[in-house]
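Below is one structure, written out as structure tokens; the observations come after it.
The values are calculated or read from the model by the stated rules, or taken from the named source; none is laboratory data. This one's a predicted model, so the numbers in the text were calculated from it and none came from an experiment. Note that we place each Cβ from the backbone using ideal geometry, even for glycine, and neighbour counts take in every protein chain shown.
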Amino acid sequence: MNIPEDLKYTREHEWVKIDGDVVTIGITDFAQSELGDIVYVELPETDSEFDGDESFSTIESVKAASDIFMPVAGTVVEVNGDLEDNAAYINEDPYGSWIVKVKVNNEDDLDGLLSAREYREFCEKEQD
Amino acid sequence: MAELKKTPLNGIHREAGARMIDFGGWDMPVQYSGLTDEHRAVRERAGLFDVSHMGECRLTGKDSERAVNRLVTNDISLMTDGQIMYSPMCNEQGGTVDDLIVYRLDRENFFLVINASNTDKDVAWIREHTKGYDVTVTDESPQWGQLALQGPEAQTILSDLVDFPPGDIGFFTFRTVSVAGIEVILSRSGYTGEDGFELYCPAEKAAALWKALMEAGSGKGILPCGLGARDTLRFEAALPLYGNELGDDISPLEAGLGIFVKLEGEDFIGRAALLKQKDEGLKRKIVGFEMTGKGIPRHGYPVFDGQDKEIGVVTTGYAAPTVGKTVGLALIDAGSAALGTEIRIGIRAKKAEALVCSKRFYSKKYKK
């Protein structure tokens, strides 16, 4: 299972790249593998605001739709429009296929994210 | 929660690392290597499915033929020994109790293959509605393992395991034969839109039969397949799924299965209601549709007309692997059912555009 050391993670199987008060969010290798063949990503509008834990996107595999949740409260500043017609990129390259960039309301909220080591342990427990 | 029921192949699925789900109370593989790969394998080569969860109900006795014909909407009096026939089975209101496959061994021995989730309901229904006939109804479901070998290579794979040319078994016929030394009911049938076979064997032989078929298919690109691919395959071929396109409150006429409803033949349960439905004109129909807007339509999503009036519900939808489009089936008001009608699918907070189209998303490749 590929879990890059330089990213942060959530228990909802998202990766988070922190750059000041802007975070880039995608789903992890574990998540894409669990979902199977991804066929569509419903992206939010730029400038839309979300609370922490609120659903901001839906990823559709052949079989089912899965909500993706905000790791922290914030405002969407950019969405990855390339995914609109090429959702399968997430299967091929989950860490290269970001979904949204979000300006966070409170940088302190980021302290609750998991490190790569913590996320790996979390996944191993989930698989048991 | 009650413990999940297991097919005789449960151990094989789990050892192989298949992803398992609760399918109507059964612990079943939804996918092995990946849904799309499995789907393609069946379209292009071969796939093997465990469908042992399906129910089997036998009717024997001298009134068997009359009793079965009373139960189902198709005319099974046209069958000869060794034939199989698809038919809905209706309630008095014309709704569908189940859809099933009838195997005629002889005039006094019929083998009915019914949906797993309906097995108990069907057997009770069949017992209740064959009172007064000289028939014995036996629920044989636990005794049988059922495998489906599907795809263009199915016949070649099978030919290594039998001592006759499998091509001798024509579409929708069956024989009791030995496959890899195991006695099976072998029929040329399936639920994928491809050529293929279904094999019924004693439950305790199912694992050996599975292994023999996988081994015979290994050079032909066979893949073990889960229920995920079974659903996308049957959907592309517009084969209905009970609980989606059919239900206790959906008639076979509404589902577009009129060719399996012989209103002119002998009386059967639901005939009067279906005749009335036909005479008055159908108020709703299962239609195909293609998404022109974005999003994936799923079972249960609402359907709207151009004026935002709710006109029905999506019964199945997929980004269809072989068709390469996002398409669906929906049960909607007949007034919006004409080909080319603009409809909208409620996908979460949004309404996405779609066009009513033919249900034949994929042309079936049966060897008739």
* Asked: Is there a residue being modelled with pLDDT under 95, more than 30 Å from B:HIS39 (Cβ to Cβ), away from chain B (no Cβ under 14 Å) and not in a strand (DSSP E or B) anywhere in segment A:43-56?
  -> yes
* Does B:LYS294 satisfy the condition of being part of a loop (DSSP other than H, G, I, E, B) and either surrounded by fewer than 15 Cβ atoms within 10 Å (Cβ to Cβ) or within 14 Å of chain A (Cβ to nearest Cβ) (or both)? -> yes
* Structure fact -> Going through segment B:217-248 in order, the residues found to be crowded, with 21+ Cβ neighbours inside 10 Å, in contact with a helix residue (DSSP H, G or I) (Cβ under 6 Å, 6 or more places away or on another chain) and over 14 Å from B:LYS364 (Cα atoms) are B:GLY217, B:LEU223, B:CYS225, B:GLY228, B:ALA229
* Is one or more of the residues making up segment B:218-230 touching a residue at least 12 places away in the same chain (Cβ under 8 Å), in a loop (DSSP other than H, G, I, E, B) and in the same structural domain as B:VAL179 (by TED's automatic domain parsing)? -> yes
* Structure fact -> Of (1) of a type outside the set (Lys, Arg); (2) modelled with pLDDT under 95; (3) part of a loop (DSSP other than H, G, I, E, B), A:GLU124 fails just (3)
* Asked: Hey, among the residues in segment B:47-80 that are within 27 Å of B:GLU194 (Cα to Cα) and free of Cβ contacts under 8 Å to residues at least 60 places away in the same chain, which one's surrounded by the fewest Cβ atoms within 10 Å (Cβ to Cβ)?
  -> B:THR80
* Structure fact -> Of (1) in the same structural domain as B:THR173 (by TED's automatic domain parsing); (2) under 23 Å from B:GLU194 (Cα atoms); (3) part of a strand (DSSP E or B), B:ASP99 fails just (1)
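Condition check: modelled with pLDDT of 95 or more, of a type outside the set (A, V, I, L, M, F, W, C), in contact with a helix residue (DSSP H, G or I) (Cβ under 8 Å, 6 or more places away or on another chain) and surrounded by fewer than 23 Cβ atoms within 10 Å (Cβ to Cβ). Does B:ASN109 satisfy that? First the steps, then the outcome.
Values: modelled with pLDDT of 95 or more: yes; of a type outside the set (A, V, I, L, M, F, W, C): yes; in contact with a helix residue (DSSP H, G or I) (Cβ under 8 Å, 6 or more places away or on another chain): yes; surrounded by fewer than 23 Cβ atoms within 10 Å (Cβ to Cβ): yes.
Yes.
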* To do: Working carefully through the options B:PHE289, B:PHE268, B:PHE235, find the one that is within 14 Å of another protein chain (Cβ to nearest Cβ) and not hydroxyl-bearing (Ser, Thr, Tyr).
  => B:PHE235
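Tally time: how many residues in segment B:1-25 are touching a helix residue (DSSP H, G or I) at 6+ places or on another chain (Cβ under 8 Å) and more than 22 Å from A:SER61 (Cβ to Cβ)?
The qualifying residues number 6.
State which residue is farthest from B:ARG188 (Cα to Cα) when the search covers only segment B:205-257 and only residues that are charged (D, E, K, R) and more than 13 Å from the chain's Cα centre (by Cα). Give the steps one after another, and end with the answer.
The initial filter retains those residues of segment B:205-257 that are charged (D, E, K, R), namely B:205, B:211, B:215, B:220, B:230-231, B:234, B:236, B:245, B:248-249, B:254.
After this cut, where a residue has to be more than 13 Å from the chain's Cα centre (by Cα) as well, the list is B:205, B:211, B:215, B:220, B:248-249, B:254.
Numbers: B:LYS205: 20, B:LYS211: 20, B:GLU215: 20, B:LYS220: 19, B:ASP248: 29, B:ASP249: 31, B:GLU254: 28 Å.
Taking the candidates together, the pick is B:ASP249.
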* Among the residues of segment B:183-204, write down those that are surrounded by 18 or more Cβ atoms within 10 Å (Cβ to Cβ) and either assigned to a loop (DSSP other than H, G, I, E, B) or over 23 Å from the mean Cα position of the chain (by Cα) (or both). => B:ARG188, B:SER189, B:GLY190, B:TYR191, B:THR192, B:GLY193, B:GLU194, B:ASP195
* Single unsatisfied condition, A:LYS103 versus (1) assigned to a strand (DSSP E or B); (2) within 14 Å of chain B (Cβ to nearest Cβ) -> (2)
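Among A:GLY36, A:GLY74, which is the only one that is away from chain B (no Cβ under 12 Å) and either surrounded by fewer than 14 Cβ atoms within 10 Å (Cβ to Cβ) or under 16 Å from A:GLU14 (Cα atoms) (or both)? Lay out the reasoning, then the answer.
Details: A:GLY36 fails: away from chain B (no Cβ under 12 Å).
Just a single option satisfies the conditions, and that option is A:GLY74.
Would you mind finding the one in B:THR322, B:THR316 that is under 26 Å from B:ARG43 (Cβ atoms), touching a Lys or Arg at 6+ places or on another chain (Cβ under 6 Å), within 13 Å of another protein chain (Cβ to nearest Cβ) and modelled with pLDDT of 95 or more?
Values: B:THR316 fails: touching a Lys or Arg at 6+ places or on another chain (Cβ under 6 Å).
Among B:THR322, B:THR316, only B:THR322 is under 26 Å from B:ARG43 (Cβ atoms), touching a Lys or Arg at 6+ places or on another chain (Cβ under 6 Å), within 13 Å of another protein chain (Cβ to nearest Cβ) and modelled with pLDDT of 95 or more.
Across segment B:78-96, what is the total count of residues that are under 17 Å from B:LEU274 (Cβ atoms) and in a strand (DSSP E or B)? Before you say what the answer is, go through the steps one by one.
Of segment B:78-96, the ones under 17 Å from B:LEU274 (Cβ atoms) are B:86-96.
With the extra rule that they be in a strand (DSSP E or B), the set shrinks to B:86-90, B:96.
The qualifying residues number 6.
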* To do: Determine the pairs where a residue that is closer than 13 Å to B:GLU3 by Cα, located within segment B:19-44, has a partner that is part of a strand (DSSP E or B) with Cβ atoms under 6 Å apart, the partner being 6 or more residues away or on another chain.
  => B:ILE21/B:VAL30; B:GLY25/B:LYS5; B:TRP26/B:LYS5; B:ASP27/B:MET20
* Counting only residues that are in a helix (DSSP H, G or I) and among the hydrophobic types (A, V, I, L, M, F, W, C), which one in segment B:102-123 is nearest to B:LEU71 (Cα to Cα)? -> B:VAL123
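Is there a residue in segment B:124-143 that is among the basic types (Lys, Arg) and out of contact with any Ser or Thr (no Cβ under 9 Å at 6 or more places or on another chain)? Reasoning before the result, please.
Just the residues of segment B:124-143 that are among the basic types (Lys, Arg), to begin with: B:127, B:131.
This time we only want the ones that are out of contact with any Ser or Thr (no Cβ under 9 Å at 6 or more places or on another chain), so: B:127, B:131.
Yes: segment B:124-143 contains one or more residues that are among the basic types (Lys, Arg) and out of contact with any Ser or Thr (no Cβ under 9 Å at 6 or more places or on another chain).
Based on what the data block shows, is B:PHE361 more than 14 Å from chain A (Cβ to nearest Cβ), under 24 Å from A:VAL41 (Cβ atoms) and either touching a helix residue (DSSP H, G or I) at 6+ places or on another chain (Cβ under 7 Å) or among the acidic types (Asp, Glu) (or both)? Talk me through it step by step, then tell me what you get.
Numbers: more than 14 Å from chain A (Cβ to nearest Cβ): yes; under 24 Å from A:VAL41 (Cβ atoms): yes; either touching a helix residue (DSSP H, G or I) at 6+ places or on another chain (Cβ under 7 Å) or among the acidic types (Asp, Glu) (or both): yes.
For B:PHE361, the condition - more than 14 Å from chain A (Cβ to nearest Cβ), under 24 Å from A:VAL41 (Cβ atoms) and either touching a helix residue (DSSP H, G or I) at 6+ places or on another chain (Cβ under 7 Å) or among the acidic types (Asp, Glu) (or both) - is met.
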* Asked: How about segment B:26-62: which of its residues are part of a strand (DSSP E or B) and within 14 Å of chain A (Cβ to nearest Cβ)?
  -> B:MET28, B:PRO29, B:VAL30, B:GLN31
* Tell me which residues, restricted to segment B:255-266, are touching a helix residue (DSSP H, G or I) at 6+ places or on another chain (Cβ under 7 Å) and surrounded by fewer than 19 Cβ atoms within 10 Å (Cβ to Cβ). => B:LEU263, B:GLU266
* Qualifying positions in segment B:124-173 - polar (S, T, N, Q), buried (at least 17 other Cβ atoms within 10 Å of the Cβ) and either assigned to a loop (DSSP other than H, G, I, E, B) or free of Cβ contacts under 8 Å to residues at least 12 places away in the same chain (or both) -> B:THR130
